[in-house]
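Take a look at the structure set out below.
The values are calculated or read from the model by the stated rules, or taken from the named source; none is laboratory data. Not measured: the values here are computed from a predicted model. Cβ atoms come from the backbone with ideal geometry, glycine included; neighbour counts cover every protein chain shown.
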Amino acid sequence: MTAEGASNAALRARAVELLRANWNGRSTRASRTLYPHQWSWDSACVARALSHGEQERAEGELTSLFAGQWANGMLPHIRFAPGPMPYFPGPEIWGTASLPEAPITPLTSGIVQPPIHASALRHLLERGEDQERACAFAARLYPAVLAWHRYLHEERSRPGSELVEIWHPWESGMDNSPLWDAALERVPPARATAGYRRTDLEVAGAEERPTDWQYDRYLSLVEVLREVGYEPARSRAATPFAVRDVLFNVLLAEADRDLVAIAALVGADPRPVLAWAAGLEEAIHAEMWAPAAGSYENVDVLTGERVEVATLAGTTPLLLAGLPGDRAERLLATLGRFQVRPGGELLALASVPPGSPSFDPVRYWRGPVWPMLTLVLAEGLRRRGQGELALRLEAGLLGLIRRSGFWEHFHPETGQGQGGADMSWTAAIAVEMLDHEAVPA
Ligand code: 2M8
């Protein structure tokens with residue numbers, strides 16, 4: 001084995017070990033300290049990584065997450081672990097326990113996260129060593145995933161657009177991204193949840209987390225949605241925050257395509273999903289493309305205006321199969337604004353363009369390098385024939401992890417690990433990238 005190979009193998013072994021350490025016997029905690037529960041899109045990433053060699057655990061991961069699914073198809077962003085845990089806001093704040101749509105157990109939150117579950121399931125079908133078992137599992141899970149997509153397409157859209165909307169910044173997965181700044185200005189601070197204690201600040205540096213001003217708005221939005229029992233029609237009418245987000249819609253379109261492929265394998269009728277996928281992709285291209293910016297932009301549903309803020313998420317339509325060629329060129333050029341060289345030689349992508357007004361290299365989703373976004377962009381680049389650049393970005397992220405560990409995010413200039421340590425999805429994404437093909441060490 002070459003020195004490079006040995007070092008990649010050692011890194012993979014460390015990632016696998018971390019995923020075992022974060023396993024609670026039934027599923028994988030997003031992290032043991034900062035996030036001691038099961039998070040929706042983190043978990044889908046973990047299932048994807050586990051499907052490389054740990055098929056049974058990958059199934060367990062998805063089964064555990066979908067045990068929290070609501071009767072209306074909604075897949076909550078957190079499945080809470082039993083017992084008191086140091087995470088705020090916990091189940092008592094979400095107040096979902098007695099709702100008719102929610103399961104009796106487990107306890108869950110009442111909002112969603114980006115829908116990458118069908119994509120994880122497809123991955124499991126492709127990578128699972130025991131193919132018969134993988135097919136049987138996919139056939140069992142298919143109705144639940146279909147119900148999840150139906151919930152998003154039917155309950156999260158309004159007449160006049162096929163795009164789906166989010167009602168909380170936490171639903172985007174990019175909590176304090178500058179994408180939400182203007183919309184949050186219109187949200188009054190929390191009333192009922194006054195005097196709360198933020199457990200995140202006991203684990204991560206305050207400068208690496210959202211501000212108290214933002215937390216007051218996050219909790220205010222939970223109050224609004226809780227007040228209407230998270231019921232979709234009433235939430236749509238009541239929410240002071242409703243945004244059509246590029247990343248969320250792109251990942252749903254991609255997951256729709258994956259669900260179509262799964263339907264074919266498990267003998268289900270793919271037509272409803274095909275129709276959703278086609279309508280959604282068309283709407284993304286028609287309603288979100290911003291030619292002057294060379295990027296795709298969010299739409300604020302309540303003002304009807306575009307959110308003219310540059311973030312890496314605006315380039316993620318690179319992933320979409322039907323992306324017109326001239327737009328692919330523009331997006332690739334725009335991507336150059338996000339390229340950074342943390343610590344000097346590694347190549348990486350900042351989440352917000354360095355030098356732009358809202359750029360902050362340490363504060364969470366406002367500038368740092370994020371493994372999840374790197375994964376999405378690397379896949380998008382491969383689809384556009386940019387395999388070499390994809391590989392350099394993967395090698396860059398793996399280099400950052402190798403240097404400082406499985407951190408939540410990384411400083412785009414120094415490369416230092418930031419936020420939470422020993423994060424499951426950072427380890428999962430490392431496994432995924434290391435298994436993808438020969439990644440230079
Ligand atoms: C972060 O979000 C949670 C709320 O869901 C938090 O800050 O408490 C985000 O980075 C999100 O994308 C991620 O899924 C979650 C767990 O890693 O942490």
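Here are some notes:
- Test set (1) assigned to a helix (DSSP H, G or I); (2) surrounded by fewer than 17 Cβ atoms within 10 Å (Cβ to Cβ) - G344 fails condition number: (1)
- Being crowded, with 19+ Cβ neighbours inside 10 Å and more than 30 Å from E132 (Cα to Cα) is a property that T28 lacks.
- Looking across the stretch 224-242, the residues that are in a helix (DSSP H, G or I) and either of a type in the set (F, W, Y) or under 14 Å from S157 (Cα atoms) (or both) come down to P232, A233, R234, S235, R236, A237.
- Annotation: G304 fulfils all but one of (1) touching a helix residue (DSSP H, G or I) at 6+ places or on another chain (Cβ under 8 Å); (2) under 27 Å from H168 (Cα atoms); (3) in a loop (DSSP other than H, G, I, E, B); the unmet one is (1).
- From the list F80, F88, the lone residue that is farther than 28 Å from P317 by Cβ, of a type in the set (A, V, I, L, M, F, W, C) and under 19 Å from the mean Cα position of the chain (by Cα) is F80.
- Condition met for V260 (over 14 Å from V164 (Cα atoms) and in a helix (DSSP H, G or I)): yes
- Yes/no for A255 being in contact (Cβ under 8 Å) with a residue 60 or more places away in the chain and within 15 Å of Y296 (Cα to Cα): no
- In the stretch 361-387, the residues that are free of Cβ contacts under 8 Å to residues at least 24 places away in the same chain form Cβ pairs under 7 Å with partners that are more than 16 Å from the ligand (Cβ to nearest atom), at six or more places apart or across chains, as follows: R382/A390.
- Condition check for E92: in a helix (DSSP H, G or I), under 28 Å from L201 (Cβ atoms), away from the ligand (no atom under 15 Å from the Cβ) and free of Cβ contacts under 8 Å to residues at least 12 places away in the same chain: yes
- Picking from residues in the stretch 303-341 that are exposed (fewer than 14 other Cβ atoms within 10 Å of the Cβ) and among the hydrophobic types (A, V, I, L, M, F, W, C), the one that is farthest from the chain's Cα centre (by Cα) is A333.
- For E202, the criteria (1) of a type outside the set (S, T, Y); (2) within 15 Å of the ligand (Cβ to nearest atom); (3) closer than 18 Å to S109 by Cα hold in every case but one, which is (3).
- Qualifying residue in the stretch 281-291 (condition: of a type in the set (A, V, I, L, M, F, W, C), modelled with pLDDT of 95 or more and in a loop (DSSP other than H, G, I, E, B)): no
- Hits in the stretch 140-178 - residues which are closer than 20 Å to A286 by Cα and in contact with a Gly (Cβ under 9 Å, 6 or more places away or on another chain): L152, H153, E154, E162
- The one condition in (1) over 18 Å from the mean Cα position of the chain (by Cα); (2) buried (at least 23 other Cβ atoms within 10 Å of the Cβ); (3) among the hydrophobic types (A, V, I, L, M, F, W, C); (4) closer than 23 Å to L121 by Cα that A102 fails to fulfil: (4)
- Qualifying positions in the stretch 115-172 - farther than 23 Å from E54 by Cβ and polar (S, T, N, Q): S157, S161, S172
- Only listed residue being away from the ligand (no atom under 12 Å from the Cβ), of a type in the set (A, V, I, L, M, F, W, C), free of Cβ contacts under 8 Å to residues at least 12 places away in the same chain and out of contact with any Phe, Trp or Tyr (no Cβ under 8 Å at 6 or more places or on another chain), chosen from A58, A67, A10, A81: A10
- Residue match in the stretch 282-298 (condition: of a type outside the set (A, V, I, L, M), over 24 Å from G387 (Cα atoms) and within 20 Å of the chain's Cα centre (by Cα)): yes
- Residue list for the stretch 13-45, restricted to those being of a type outside the set (A, V, I, L, M, F, W, C), more than 22 Å from R402 (Cβ to Cβ) and within 16 Å of the ligand (Cβ to nearest atom): N24, S27, R29, Y35, P36, H37, Q38, S40, S43
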